[in-house]
Amino acid sequence: MTNNNKTYISELKDYVGKEVTLSGWLYNSRSSGKIQFLIIRDGTGLCQCIVEKGSVSDELFDELRHLGQESSIRVSGTVRADERSVGGYELAVTDAEVIGAATDYPITPKSHGIDFLLKNRHLHLRSRRQWCIGKVRHTVIDAIRRFFNDKGFVLIDTPIFMSMAGEDEQTLFEVDYFGEPLHLTQTGQLHLESAAMSFGKVYCFGPTFRAEKSKTRRHLTEFWMVEPEVAFIDLDGLLELAENFVYFITEQALTNNRSELEYLGADIAALEKMKPPFYRLTYTEAVEILTGEKTQKFLSEQLEQLQRQKQQIESRIGELEKKQAGQRKQWQKDKIAAELIELRAELGETDARIENNPKHAKLAAGFQWGKDLGGSDETIISQMHDKPIFVTHYPKDAKAFYMKTDRGNEKVVLNFDLLAPAGFGEIIGGSVREDDYEKLLKRISGQGLDVENYSWYLDLRKYGSVPHGGFGLGVERTVAWLTSEKHIRQCIAFPRLMDKVYI
Ligand code: 4AD
Ligand code: MG
């Protein structure tokens with residue numbers, strides 16, 4: 001059998017009643033004596049292939065029955081439409097050829113712990129969940145490029161080896177550059193500002209590195225960020241650009257990846273409501289919300305709900321444990337075991353949330369104007385809203401040197417964070433840039449940075465300075481938000497985490 005007439009599973013709708021050949025891997029199989037059901041995946045989808053005894057040679061029938069999960073295979077047969085079948089089509093097999101047999105594939109349909117799955121990421125990428133996330137990520141990246149390209153932005157590739165800090169100096173990854181200390185880029189923004197003075201509207205899109213010592217579900221040490229930068233724009237203009245941008249990404253994911261989002265358990269109804277305008281709060285208003293009575297009430301109701309949820313999970317676990325003891329068939333036991341692993345993980349998370357709730361309530365109630373919003377503060381505000389929220393005008397002293405002070409209130413800067421709703425938190429950070437030479441110089445030296453290093457950046461304020469600004473959107477956080485994935489490490493193929501790099 002040759003591969004010349006290869007058809008992809010995603011194309012089967014055009015071949016109903018016709019003979020095709022699929023090339024892929026054995027995702028799952030089950031057999032009942034005279035008939036075998038092979039689920040094949042080929043990178044474009046899944047297809048159930050039905051092999052009846054007598055329709056292929058006895059020898060092949062036997063070989064297929066013993067074929068291990070993830071063996072690679074070519075199968076030929078006739079396409080039938082069947083709504084009950086995964087993907088909506090199935091194949092009545094007439095011939096097959098095993099390409100590379102696999103035995104004892106380490107990742108079985110049983111659930112595994114996350115550590116095991118990260119160690120086996122090179123194989124786990126084949127799982128349906130990682131596949132769905134990868135497809136959504138692809139759409140997000142495609143939408144990002146399309147949005148800016150269609151609006152006349154010019155792509156500028158900014159350097160990765162850097163001599164100056166663009167964000168918090170505590171998060172620099174140092175590298176030895178021929179004996180000279182440099183570091184990996186935390187942001188392309190500063191170079192992009194220079195390019196904006198040439199092209200007007202620019203963006204950069206690449207990997208970004210932060211030695212962030214936080215083991216949270218929101219932090220990677222290497223992540224992908226897209227950053228637009230625009231000359232002659234104010235804060236309102238930036239917010240409008242950001243909300244249209246996020247809306248476009250959401251729309252594209254809903255249009256191109258509905259079935260993946262469904263499989264992942266994303267909140268599609270909520271995503272469909274993401275039309276601009278998004279909510280707009282100043283930092284000061286956000287602090288009022290955090291310290292207000294409404295928030296305490298919201299959190300105590302949330303605690304009660306979490307406790308009810310905990311009881312439900314515990315009783316479900318009890319039921320399943322009883323049921324498991326009474327099962328004789330191994331596959332049924334495995335299925336229950338997989339569900340139990342998931343329920344126990346959910347129980348652990350619910351317990352952690354129950355434990356954190358009063359701590360977060362206390363932090364919120366005692367929040368002092370002037371501090372940066374912490375993770376739990378962002379979560380609370382985000383949980384209280386059903387659409388993304390812009391938080392603007394943060395205290396100057398809590399923010400980066402490059403942000404422009406509000407000329408009407410020098411205590412705050414013209415910046416914003418965009419918080420994704422339903423507890424997800426920050427996906428974008430941005431600002432208008434300080435365009436006054438003297439003020440910027442003061443901010444740079446005031447933060448203890450070496451002014452020498454920033455002389456070229458200061459030049460931009462000497463030669464035709466203009467009001468300008470931009471923002472950065474984190475790809476992994478955006479994908480996690482869209483897919484309702486709890487941890488952003490699942491939203492990049494090979495994650496780099498603070499405590500471990502697996503493969
Ligand atoms: O808010 P940040 O630090 O903003 C900047 O870097 C600006 N220079 C961007 C600009 O104005 N051009 O980072 C922007 C976004 C965050 O909102 C978040 O989505 C993502 O980058 N991000 C991270 N994602 C994963 N892991 C981390 N450690 C991240 N740090 C930031
Ligand atoms: Mg930020």
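Here are the numbers for this structure:
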{"read-out": "Candidate set: segment 209-263, residues that are closer than 21 Å to Ser484 by Cβ and aromatic (Phe, Trp, Tyr); chosen: the one least open to solvent (accessible area, probe 1.4 Å)", "value": "Phe245"}
{"read-out": "Qualifying residue in segment 458-474 (condition: acidic (Asp, Glu), touching a residue at least 12 places away in the same chain (Cβ under 8 Å) and either in a helix (DSSP H, G or I) or over 30 Å from Lys297 (Cβ atoms) (or both))", "value": "no"}
{"read-out": "Of all residues in segment 404-429 being closer than 25 Å to Leu440 by Cα and acidic (Asp, Glu), the one that is surrounded by the most Cβ atoms within 10 Å (Cβ to Cβ)", "value": "Asp417"}
{"read-out": "Filter pass, Met225 being modelled with pLDDT of 95 or more and within 16 Å of ligand 2 (Cβ to nearest atom)", "value": "yes"}
{"read-out": "Yes/no for Glu485 being within 14 Å of ligand 2 (Cβ to nearest atom), in contact (Cβ under 8 Å) with a residue 40 or more places away in the chain and either of a type in the set (D, E, K, R) or crowded, with 23+ Cβ neighbours inside 10 Å (or both)", "value": "no"}
{"read-out": "Exclusive hit being polar (S, T, N, Q), assigned by TED's automatic domain parsing to the domain that holds Glu227 and within 15 Å of ligand 1 (Cβ to nearest atom), set Asn453, Asn415", "value": "Asn415"}
{"read-out": "From the options Val479, Val475, residue that is within 16 Å of ligand 2 (Cβ to nearest atom), within 29 Å of Val246 (Cβ to Cβ), open to solvent by less than 10 Å² (accessible area, probe 1.4 Å) and not acidic (Asp, Glu)", "value": "Val475"}
{"read-out": "Neighbours by Cβ (under 7 Å, 6+ apart or cross-chain): first from segment 284-311, within 26 Å of Gly348 (Cβ to Cβ); second modelled with pLDDT under 95 and open to solvent by 100 Å² or more (accessible area, probe 1.4 Å)", "value": "Leu306/Arg353"}
{"read-out": "Pair list, Cβ under 6 Å, 6 or more apart: segment 346-363 residue closer than 19 Å to Ile114 by Cα and touching a residue at least 12 places away in the same chain (Cβ under 8 Å), other residue surrounded by 13 or more Cβ atoms within 10 Å (Cβ to Cβ) and hydrophobic (A, V, I, L, M, F, W, C)", "value": "Glu346/Ile313; Leu347/Ile313; Thr350/Leu306"}
{"read-out": "Search result, residues across segment 147-178 that are over 19 Å from Ile233 (Cβ atoms) and in a strand (DSSP E or B)", "value": "Phe161, Met162, Glu174, Val175, Asp176, Tyr177"}
{"read-out": "Options Leu60, Leu38: the member that is open to solvent by less than 30 Å² (accessible area, probe 1.4 Å) and either not assigned by TED's automatic domain parsing to the domain that holds Thr94 or not in a strand (DSSP E or B) (or both)", "value": "Leu60"}
{"read-out": "Wholly enclosed helices (runs of 4 or more DSSP H) of segment 260-376 bearing at least 3 residues at pLDDT below 95 and of a type outside the set (Gly, Ala, Ser)", "value": "293-325, 330-365"}
{"read-out": "Among the candidates Gln324, Gln368, residue that is open to solvent by 60 Å² or more (accessible area, probe 1.4 Å) and of a type outside the set (Phe, Trp, Tyr)", "value": "Gln368"}
{"read-out": "Test: residue in segment 462-477 that is touching a Leu at 6+ places or on another chain (Cβ under 9 Å) and of a type in the set (S, T, N, Q)", "value": "no"}
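The values are calculated or read from the model by the stated rules, or taken from the named source; none is laboratory data. Please read these numbers as outputs of a predicted model, since none were measured by experiment. Note: ideal-geometry Cβ built from the backbone for every residue, glycine included; neighbour counts use all protein chains shown. These accessible areas exclude ligands, DNA and RNA; they are computed on the full protein's heavy atoms, side chains included. Shrake-Rupley method; radii C 1.70, N 1.55, O 1.52, S 1.80 Å.
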